[in-house]
Each structure stands twice: as structure tokens, then as C-alpha cells.
Amino acid sequence: MIDRKWIVAIFISLSLLILNGCTTSVIVKSNPTFAKPTSKDYATVYMIRPAPIRTRGVADNDVEVEFGKDQLAVLLSAGEYAAFKINPGDLNIIIRSTTLLTTQPVPVEVFRADSFEITAGKTYLIEARFIQEEFRGMYFKPIEVDINIAKGMLNRLKPVGTLARQHPLESL
């Protein structure tokens, strides 16, 4: 007869595998800011979303990362990062997520944005930084980080998409 502890362990392991399979980022195929595949004039932008240390309810859902207003680039899951070849110039990164506000009974969409001047040939590491405020809820703000901070998150990150897998953060 199988020990009850083994049954529980197997059940938990299978549950984690199923849950991990359901939380993979989705990268869109085209965006006006994406460099053409044949272009040699581009910058590489890594979008990084660290894994949460504890659960945060609806804030744990995928975040929508736009490269320009209403120009979706990726639905980014917690604990994942994606890489993009971007045309040089001004890049407005908008991160949309859902949160519970103290004045609202149901979750609402919130967003934060920032502009980055993108130079060809450079690599940019942009973190979707989790911020929690008492009355403004929880949201994610695009923050440029240096390579040491990004590499410090690697034990809880995995690459998604072809470019991020071909050029993982470890290789920078």
C-alpha cells in the first residue's frame, strides 16, 4: 500500500506542474516599435517581471506591457522575462495590471508608464517593478535596472520567447 505522504507529495507536484504550465508569458508577433528581422539598427530591450515573494491576489495576474499607447508587446507572467529588438528612438513603456482599490468593490485596471530614449546597439533591462500604495492599490512601474540587479533576480526568473532563450540574461 502506498503511504499517504507519497500521495500528497505526488498531488502537490502535479498541481505545481499544471500551474506552471498555465502561467507562461505571451509575446505578440508585431508591434510598430519592433525592429525588422533584417535590420542591423536596433537595441535589445529585456522586460523583466520578478517572481513575487508572497501572493498578492489579482496583482499576480499577467501584466500587459505596451510599447506605445495601445500597442501591446507582451503579456508578462510573474517570474519571467522577454527580450525584444526595438527600433531606436523614444520608447514609451506602459504596464497595465489589475488591482483592488479601497474605494472599489471589484478589481480595476491601473497603469504606470515611463519613457526611455533607446539607442541602437545598446541593451536595456527594464523591470516591471511591483509597487504597493495604501490608497492607489498595487501596480507595476517600468524601471531601468543595471545588469547586477537583473542577475540578482535570476534564481527566480526564466526566459520566454526565442530571443530571450537565445540570449539569456546570464550571457550578458
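The values are calculated or read from the model by the stated rules, or taken from the named source; none is laboratory data. A quick note: this is a predicted structure, and the numbers were derived from the prediction, not measured. FYI the Cβ positions are ideal-geometry reconstructions off the backbone, even for glycines, and counts take in every protein chain you see. Note: areas computed on protein heavy atoms with side chains; ligands, DNA, RNA excluded. Shrake-Rupley method; radii C 1.70, N 1.55, O 1.52, S 1.80 Å.
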Long-range amide H partners of ARG112 with built H, under 5 Å: ILE95, PHE140
Cut-off under 5 Å, modelled amide H: who pairs with GLY79 long-range: ARG49, ALA51
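Grab the DSSP H runs of the chain that are 4 residues or longer, score each as -39,500 (n - 2.57), total them, divide by all residues and round the 222 nm result to the nearest 500 deg cm²/dmol.
Details: 3 runs with 29 residues, N = 172.
Mean residue ellipticity, 222 nm, calculated: -5000 deg cm²/dmol.
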With every protein chain in place, the stretch 17-167: carbon and sulfur % of accessible area (1.4 Å): 54 percent
Integer Hz, Karplus 6.51/-1.76/1.60 couplings in order for the stretch 148-163, x for Gly and Pro: 5, 5, 4, 5, x, 8, 4, 5, 10, 10, 9, x, 10, x, 4, 5
HN-Hα J in Hz across the stretch 121-135 - Karplus 6.51, -1.76, 1.60, θ = phi - 60°, x for Gly and Pro: x, 9, 10, 10, 10, 10, 8, 7, 7, 6, 10, 10, 10, 4, 9
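Might you tell me the accessible area per residue for the stretch 63-172, computed with a 1.4 Å probe and given in Å²? Each step should come with its number before you reach the end.
Values: 5610 Å² over 110 residues.
Spelled out: the 1.4 Å probe surface of the stretch 63-172, per residue, equals 51 Å².
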Karplus-derived HN-Hα couplings along the stretch 41-46 (A = 6.51, B = -1.76, C = 1.60, θ = phi - 60°), whole Hz, x at Gly and Pro: 10, 8, 10, 9, 10, 9
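Eight or more residues apart or on different chains, and alpha-carbon atoms under 17 Å: count the Lys pairs in the chain matching that. List each step's numbers first, then the result.
Numbers: LYS29/LYS69; LYS29/LYS85; LYS36/LYS85; LYS36/LYS122; LYS40/LYS85; LYS40/LYS122; LYS69/LYS141; LYS85/LYS122.
Final tally of qualifying lysine pairs is 8.
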Counted charge near GLU64, where neighbours are those whose Cβ lies closer than 11 Å (Asp, Glu -1; Lys, Arg +1): -3
Distant-in-sequence amide H partners of TYR42 (H built 1.01 Å from N, under 5 Å): GLY121
Virtual spin-label span in nm between ASN92 and VAL108, 7 Å along Cα→Cβ: 2.2 nm
